[in-house]
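Visitor: Below is a structure I'd like to ask you about.
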Amino acid sequence: MTVVGPFGLSVRDQALETDVQAGLAAVEAGLLEATKSEVPFITEAAQHLVRAGGKRFRPLLVMLASRFGDPYAPGIVPSAVVVELTHLATLYHDDVMDEADVRRGVESSNARWGNSVAVLTGDFLFARASHILADLGPEAVRVQAEAFERLVTGQILETAGPRDGRDPVEHYLDVIAGKTGSLIAVSGRFGAMMSGADESVVDILTQYGERLGTAFQLADDVLDIASDSHESGKTPGTDLREGIPTLPVLRLREMAAQGGDPADLELVRLLDGDLTDDARHAEVLARLRVHPALEQARRDTVRYAEEARATLAPLPDCFAKSALVELCDAVVHRAG
């Protein structure tokens, strides 16, 4: 049993391990190639987050999903590069919106070069992803375009907030299904689709990716509160400081509204204050870390991971399926 990929995923088959490692190495080379420009400064900015590393969660999912068809099909590595480039591009934009200072343990691109360069670098990565995608055929272009529309819609919905009368938690789950679930769903879909797997298998792995993506983002929400910067690679409480209503905060507000506990109401008032103040931010972060709302968010993460696991049931038993099941456990462990 060998550890490979993000979260220390263990692969129990030598052939699968070798192929996954080779696939991820090819993706890494593809990312570096796709982020080269004739302008050295663009190359430096575009490769900033590539070279910072990352879990490569989406390419790993492409590799594992491809095992249900021909895992050596020519479209698999390029499609994995496409989803990772798209993800990286959104990170450049997210950091501008969040005014983040740290990403993946290094200085964020906007902190280093300014917002304009960060936004334009993200656009450059989208353009390079589209260039690769064009060689994968019209169906791949359509799938990616639909996912990108969902991703942007999720971001807009997050910015706009829930409409009057809409449950904030339901609204938020819709947001992250678009922002995060859509691209991870495409990872499962591309891996199966490019390998020539049966349509029923493609559908299963798409649904799996959607649910796993939601669990993945909920785990990030928990980490934003519960981790330190060493664990998460970014400043803890970034979402909190920016007023982004992540699930632990929404669960807190729900509990405060339903129970009327004075301590909960006081914490909500602190949340609604100026969290750019370091002392107030530290107090809110400390209190949230021991609040039942954080534990409820962890339970929500587990529920979506279990739903992802359940979608895999019709697939034939194999080492790749076992690895996909383990990914569900790994996502939950991040929020533990």
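The values are calculated or read from the model by the stated rules, or taken from the named source; none is laboratory data. Just so it is clear, the model here is predicted, and its values are computed rather than measured. Every residue, glycine among them, receives a Cβ derived from its backbone with ideal geometry; neighbour counts consider all protein chains shown. These area figures cover heavy atoms from the full protein model, side chains too; ligands, DNA and RNA do not enter into them. Shrake-Rupley method; radii C 1.70, N 1.55, O 1.52, S 1.80 Å.
Visitor: Working from the pairwise distances between different alpha carbons, so that the mean of 1/r is found and then inverted, what is the stretch 217-280's Kirkwood radius in Å?
Guide: That comes to 12.4 Å for the stretch 217-280.
Visitor: Further, regarding this structure: For the stretch 45-56, take each phi angle, set θ = phi - 60°, evaluate the Karplus expression 6.51 cos²θ - 1.76 cosθ + 1.60, and give the result in whole Hz per residue in order, putting x for glycine and proline.
Guide: Along the stretch 45-56, the couplings run 5, 5, 8, 4, 7, 4, 6, 6, x, x, 7, 6 Hz.
Visitor: Give, rounded to the nearest 20 debye, the magnitude of the charge dipole that the stretch 186-254 has about its Cα centre when Lys and Arg contribute +1 at Cβ and Asp and Glu contribute -1 at Cβ.
Guide: I would put it at about 120 debye.
Visitor: Ok, one more. Quick one: putting +1 on the C-beta of Lys and Arg, -1 on the C-beta of Asp and Glu, what dipole do you get for the chain around its Cα centre, in Debye to the nearest 20? Intermediate results must be reported in sequence, preceding the final value.
Guide: Values: 32 positive and 52 negative charges, 92 e Å.
Approximately 440 debye in magnitude.
Visitor: Same structure, new question: So for each of 219-226, 241-248 I average, over its residues, the number of other beta carbons within 10 Å; can you give me the resulting order with the highest mean first?
Guide: In decreasing order of mean packing, 219-226, 241-248 become 219-226, 241-248.
Visitor: Which whole-number percentage describes the relative contact order of the chain, with Cα contacts under 8 Å and a sequence gap of 6 or more?
Guide: 19
Visitor: Moving to a separate point now. May I ask you to order 52-65, 262-275 by the average number of other C-beta atoms within 10 Å around their residues, highest value first?
Guide: Details: 52-65: 24.9, 262-275: 14.3.
Averaged packing, sorted descending, gives the order 52-65, 262-275.
Visitor: For the stretch 137-150, in order, what is each residue's ³J(HN,Hα) by Karplus, 6.51 cos²θ - 1.76 cosθ + 1.60 with θ = phi - 60°, in whole Hz (x at glycine and Pro)?
Guide: Per-residue couplings from phi come out as x, x, 5, 5, 4, 5, 4, 5, 4, 5, 5, 5, 4, 5 Hz.
Visitor: Taking the chain as the reference, fit the longest principal axis to its C-alpha atoms, fit the long axis of helix 292-311 to the helix C-alpha atoms, and give the angle between the two in degrees, 0 to 90, nearest 10.
Guide: Between the helix axis and the principal axis of the chain, the angle is about 20 degrees.
Visitor: Sticking with this structure for a sec: Ignoring ligands, DNA and RNA, please state the percent of accessible area on the chain from carbon and sulfur, probe 1.4 Å. Walk me through the intermediate numbers first.
Guide: Working: 7830 of 14530 Å².
In the chain, the share of accessible area belonging to carbon and sulfur is 54 percent.
Visitor: Based solely on its DSSP helices, what 222 nm [θ] is calculated for the chain when runs of n ≥ 4 H residues each add -39,500 (n - 2.57) and the sum is averaged over all residues, nearest 500 deg cm²/dmol?
Guide: After summing the helix terms and dividing by residue count, I get -23000 deg cm²/dmol.
Visitor: Could you work out the mean projected area of the convex hull around the alpha carbons of the stretch 89-149, in square nanometres to one decimal? Walk me through the numbers before you get to the answer.
Guide: Working: hull surface 17.9 nm².
So the Cα hull casts an average projection of 4.5 nm².
Visitor: Report Rg (one decimal) and Dmax (nearest whole number) for the chain, counting Cα atoms only, units Å.
Guide: Both quantities, over Cα of the chain: 19.9, 60 Å.
Visitor: Ranking request for peptides 81-94, 13-26, 118-131: highest mean number of other beta-carbon atoms within 10 Å first, then the rest in descending order.
Guide: Highest to lowest by the protection proxy: 81-94, 118-131, 13-26.
Visitor: What does the charge dipole of the stretch 100-226 about its Cα centre add up to, to the nearest 20 debye, if the Cβ of each Lys and Arg holds +1 and the Cβ of each Asp and Glu holds -1? Numbers along the way, then the final one.
Guide: Working: 11 positive and 19 negative charges, 73 e Å.
Around 360 debye, computed over the stretch 100-226.
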